[in-house]
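Before any comments, here is the structure.
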Amino acid sequence: MAPSVMIPILGGALAGCLSWGLGGIPALTTVAAIGVVGGLGWMVARTFLNVNEVTEAALAAQLEQRARVENAELDRLAAQLRSDRDHRTQDCLTLLRSLRAEFEEVAQQPGFAIRSAQVREQVGHVFEAATDQLRNSFRLWERAESLSGETRDRVLAEREAEIAELPPTVERIQKIVEQFRSLVRTENQVGLAEMQAELEANLRVAQRTEERMREIENPSAAHEAFIRE
């Protein structure tokens with residue numbers, strides 16, 4: 001709907017109205033047809049020429065909406081972590097959010113958003129896995145608060161094991177962000193493919209963590225699964 005599209009269409013429409021009002025003047029009718037058809041043709045051409053820009057704009061809008069939802073969830077998580085009075089989990093979440101924002105800033109550079117879409121999706125999964133570890137640590141803390149004796153000590157030990165895994169996870173994400181920034185700067189597509197393989201390995205680690213936490217949450221189900229195997 002740029003001026004270069006609208007002006008020919010409106011000019012053609014005006015010429016057509018004048019031709020009709022004056023009883024059908026061939027010259028004006030020809031001008032009307034050229035204006036309308038030419039304007040519509042240029043609109044189609046602009047659509048194909050600017051398809052990447054249009055796609056990136058749509059992708060940016062989608063990511064902005066997703067970021068708002070994600071930030072709201074992380075705000076709730078931050079409020080929960082403040083209640084456990086453990087600065088380690090709070091500091092970890094703050095660093096994770098900073099790395100996430102830094103990654104998205106790099107990934108949204110013009111001309112790179114579409115090419116990096118798969119990497120962004122995988123990084124998002126790794127980030128979610130890290131925040132899930134924080135949620136799991138909070139759930140374990142909540143459970144320990146309602147227990148006493150050896151049972152409480154066991155749950156707190158499980159929580160400490162979960163927290164101990166967070167620094168290596170954050171370091172991996174930090175390394176990924178630094179590597180991604182370097183690849184974007186050099187436009188290295190081969191490096192992006194290698195990064196995707198590395199991210200897949202990280203996701204497998206995250207999946208094992210999730211499976212372990214499900215076993216902790218529901219030990220009877222884990223035992224049944226073991227018996228079936």
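The table that follows gives values for the structure above.
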| quantity | calculated |
| --- | --- |
| The stretch 135-177, residues that are charged (D, E, K, R) and within 15 Å of CYS92 (Cβ to Cβ) | ARG135, ARG159, GLU160, GLU162, GLU165, GLU171, ARG172 |
| Output for the stretch 88-100, where each listed residue is open to solvent by 60 Å² or more (accessible area, probe 1.4 Å) and of a type in the set (A, V, I, L, M, F, W, C) | LEU95 |
| Of all residues making up the stretch 21-50, the number that are at pLDDT 75 or above and either within 30 Å of ALA117 (Cα to Cα) or hydroxyl-bearing (Ser, Thr, Tyr) (or both) | 3 |
| Residue match in the stretch 199-218 (condition: closer than 19 Å to ALA101 by Cα and either in a loop (DSSP other than H, G, I, E, B) or at pLDDT below 85 (or both)) | yes |
| Enumeration of residues in the stretch 139-164 that are of a type outside the set (A, V, I, L, M, F, W, C), within 30 Å of ARG120 (Cβ to Cβ) and open to solvent by less than 60 Å² (accessible area, probe 1.4 Å) | GLU162 |
| Counted residues, the stretch 106-145 - those being over 29 Å from ASP86 (Cβ atoms) and aliphatic (A, V, I, L, M) | 6 |
| Qualifying residue in the stretch 144-159 (condition: at pLDDT below 90 and of a type in the set (Lys, Arg)) | no |
| Which listed residue, of LEU18, LEU63, is at pLDDT 70 or above and either open to solvent by less than 80 Å² (accessible area, probe 1.4 Å) or under 15 Å from the mean Cα position of the chain (by Cα) (or both) | LEU63 |
| Selection from the stretch 137-173 of residues that are farther than 20 Å from ALA78 by Cα and either touching a residue at least 40 places away in the same chain (Cβ under 8 Å) or touching a Gly at 6+ places or on another chain (Cβ under 7 Å) (or both) | GLU158, ARG172 |
| Qualifying residue in the stretch 51-59 (condition: more than 30 Å from LEU156 (Cα to Cα), among the acidic types (Asp, Glu), open to solvent by 80 Å² or more (accessible area, probe 1.4 Å) and at pLDDT below 75) | yes |
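The values are calculated or read from the model by the stated rules, or taken from the named source; none is laboratory data. These numbers come from a predicted model, not from an experiment. Because the Cβ atoms are built from the backbone with ideal geometry, glycine has one as well, and the counts that use them run over all protein chains shown. Note: areas computed on protein heavy atoms with side chains; ligands, DNA, RNA excluded. Shrake-Rupley method; radii C 1.70, N 1.55, O 1.52, S 1.80 Å.
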